[in-house]
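Scroll down for the structure; my scribbles are underneath it.
Where a number appears in this text, it was derived from the coordinates with a stated rule and is not lab data. All of these numbers come straight from a predicted model, not from anything done at the bench. Cβ atoms come from the backbone with ideal geometry, glycine included; neighbour counts cover every protein chain shown.
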Amino acid sequence: MINRDGACVSLWQDSAQPYTPANKLNSKTIYDVIIAGGGITGISTALSLQKAGKNCLVLEANTLCFGTTGGTTAHINTLLDTSYTTISKNFNKETAKLVAQSTKEAIALIRNNIKEYGIECGFEETDAYLFAQTEEQEKELDKIKDATIEAGVTAEYSAYIPVPINHTKCLKVTGQAKFIPTQYVYGLASAFEKAGGVIAENSRITNAEENDTIKVETNAGEFTGKALIYATHIPPTVNLLHLRCSPYRSYAMAVTLKANNYPEGLCYDMFDPYHYYRSQKINGKNYLIVGGYDHKTGHDENTENNFRKLEAHIRKHFDVDTIAYRWSSQYFEPADGLPYIGQMPGHPGKIYTATGYGGNGMVYSSVAALLFKGILLNEESPYLRVYDPNRIKPVAGFVNFIKHNADVVKHFVGKWLPHDELDETSALAAGEGKVIKYNNQKIALFKDENNELKAVSPICTHLKCEVKWNNAERSRDCPCHGARYAASGDVLTGPANSGLEPIEIKSLIEK
Ligand code: FES
């Protein structure tokens, strides 16, 4: 099993073994490109660039697939979360066509990689089914059908849907796919290393300074590159993109069914948030994977309850044998509906990023790989303009945003708090966490399985918002820009790049 950014275990995580990087890291080498992030975007991009003759280094803060790549449900779509109706409205019809074309090319890249490197990852090309259940949804579906076809994606109404759910109308879209994301990324990582690339795990970037080259500081040493790509789901530091991408959590379950009637295809209802369904065979066993109940990160008091709702939904429609896995994961919703891939706003040099994929990370990660290859090889592409992060305009009050909450910081260095009083005030059961107020100071507490009480500051190290306890994943999630921390305070998800301040607690009673 590999590690992931939460306490729940995903289907992919459980079936993968830790990846062992083969090539030696050399801190004296000046790399052509340093890529931060060992998820699907980082590794897809690294392989594309290494193959094109660039000498690349991947710096992963934890281990490969630790982030959302290990927690996605891995739908590979040209039928996107942001409908072509919305893309045409927010941008124009030409942009909708370019988005459709780029996502088709991304799926072709995945298909070619799998073939070229013989990657066994359960890849299957399939259809997607988007179904309406109300009159209002039917009207919306009519518009989506027209805009999807106009964008160049093949779609038609279908009398058949693969899931046993009542519906009034269903749109079938061809040319979609699914796979096992961890196996795909491992296959790419191995191909990248064989091509001479280097992967360094447990190397979190803490600072990057751009002059003629870019000096990157990590907890594992300093490295130099001629370009830096943040493939970290959301870039660290303080950036306009943090105002343009909202973090969300989504919940998923992998279940086995009593009858062997696993649906083919990718299916979606039209509620907001919507439910999504697909199946996957892994290690010879079939699973139905269903997801939904999305909410803004750090904005749900009882995240565990989303699993209850999801389970009830699945049992209502399917004859479930076992609930094998349940997990949640994070995604970033872009303000205008399209991802931001390219030069990082505020960095006119050679620092790049890819973020704001919404729920379509599997396909946009390969769009990013294609785009970054074009950018770094100075190739023209009509897609660069479509996804350019600098399409966003500077926001009034951005300076205030940077100073956000700066006055609430209280430091605990050299102080300690009494264990027994905190224990009594918090009344936590084993495995529970919460933020309490003690002597006018907010303290984030957690009681582990051995009834040991741990305390950290609840102030997010990114821009000082107060983190919330996520009882489903036993993490501390920041409602502002989506940073997440383990109960111990260690960083799970950026944009924070340092952990929550630890607080010493001591027992006054001799035991
Ligand atoms: Fe920005 Fe916490 S993620 S303040």
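Of the residues ILE114, SER328, SER279, the one whose Cα sits farthest toward the positive end of the charge dipole of the chain, with +1 on the Cβ of Lys and Arg and -1 on the Cβ of Asp and Glu, is ILE114.
Within straight-line reach of LYS51, meaning a Cα separation under 17 Å, sit the following aspartates and glutamates at least 8 residues removed in sequence or on another chain: ASP32, GLU116, GLU193, GLU379. Only aspartates and glutamates eight or more places from LYS296 in sequence, or on another chain, were considered; those with a Cα closer than 18 Å are ASP5, ASP81, ASP272, GLU304, GLU333, ASP336, GLU466, GLU473, ASP477. Students often get this wrong, so check it: of LYS104/LYS172; LYS104/LYS145; LYS54/LYS104; LYS178/LYS447; LYS28/LYS54, which have C-alpha atoms separated by over 28 Å? From LYS104/LYS172; LYS104/LYS145; LYS54/LYS104; LYS178/LYS447; LYS28/LYS54, over 28 Å: LYS178/LYS447.
In summary, the convex hull built on the alpha carbon positions of the range 231-385 has an orientation-averaged projected area of 11.6 nm². Charges were assigned to the Cβ only: +1 to each Lys and Arg, -1 to each Asp and Glu. The resulting dipole of the chain about its Cα centre is roughly 540 debye.
Would you order THR237, THR256 from fewest to most other beta-carbon atoms within 10 Å of each residue's own beta-carbon?
Numbers: THR237 18, THR256 15.
Lowest count first: THR256, THR237.
For the range 408-483 and the range 232-267, what is the centre-to-centre distance using only Cα atoms, to the nearest Å? First find each Cα centre; the distance between them is then 27 Å. Kyte-Doolittle mean at least -1.0 and Cα extent at least 30 Å along the axis: which DSSP H helices of the chain qualify? Membrane-span-like by this rule: 93-116.
Here is the link list: LYS143/LYS373; LYS24/LYS350; LYS316/LYS434; LYS93/LYS139; LYS139/LYS258. Which ones come out longer than 27 Å on Cα distance?
Details: LYS143/LYS373 35 Å; LYS24/LYS350 25 Å; LYS316/LYS434 33 Å; LYS93/LYS139 20 Å; LYS139/LYS258 36 Å.
Those over the limit are LYS143/LYS373; LYS316/LYS434; LYS139/LYS258.
Counting other C-beta atoms within 10 Å, which of TYR160, TYR287, TYR129 has the fewest, and how do the rest follow?
Numbers: TYR160 9, TYR287 20, TYR129 25.
By the 10 Å Cβ count, ascending: TYR160, TYR287, TYR129.
So for ARG244, ARG385, fewest C-beta neighbours within 10 Å to most, what's the order?
Values: ARG244 20, ARG385 12.
Ascending Cβ contact count within 10 Å gives the list ARG385, ARG244.
The H on the amide N of TYR325, modeled in the peptide plane, is under 5 Å from the matching H of ALA254, each at least 5 residues off or on a different chain. Annotation: average projected area of the chain is 25.0 square nanometres, based on the convex hull of Cα atoms across all directions. Each principal axis of the Cα atoms in the range 153-230 has its own extent, and those three values, largest first, are 59, 27, 22 angstrom. Pair-distance distribution of the range 317-361: all C-alpha pairs, bin width 10 Å, starting at 0; shares per bin in whole percent are 22, 31, 22, 15, 8, 3.
By the Cβ rule of 4.7 Å, the chain holds the following cysteines without a possible disulfide partner: CYS8, CYS56, CYS65, CYS121, CYS170, CYS245, CYS267.
Work out the length of the dipole vector of the range 168-303 about its Cα centre, built from +1 on the beta-carbon of each Lys and Arg and -1 on the beta-carbon of each Asp and Glu, and round it to the nearest 20 debye.
The dipole of the range 168-303 has a size of about 760 debye.
Here the chain carries DSSP beta bridges of which approximately 80% are antiparallel, counting only pairs with both residues inside.
Taking the convex hull of the Cα atoms, report for the range 66-166 its projected area averaged over all directions, in nm². Mind dumping the intermediate values first?
Numbers: hull surface 33.7 nm².
Mean orientational projected area (the range 66-166, Cα hull): 8.4 nm².
Using alpha carbons only, the radius of gyration of the range 197-296 set against its Kirkwood radius gives Rg/Rh = 1.16. Here, the range 1-89 has an Rg and a Dmax of 16.4, 50 Å when only alpha carbons are counted.
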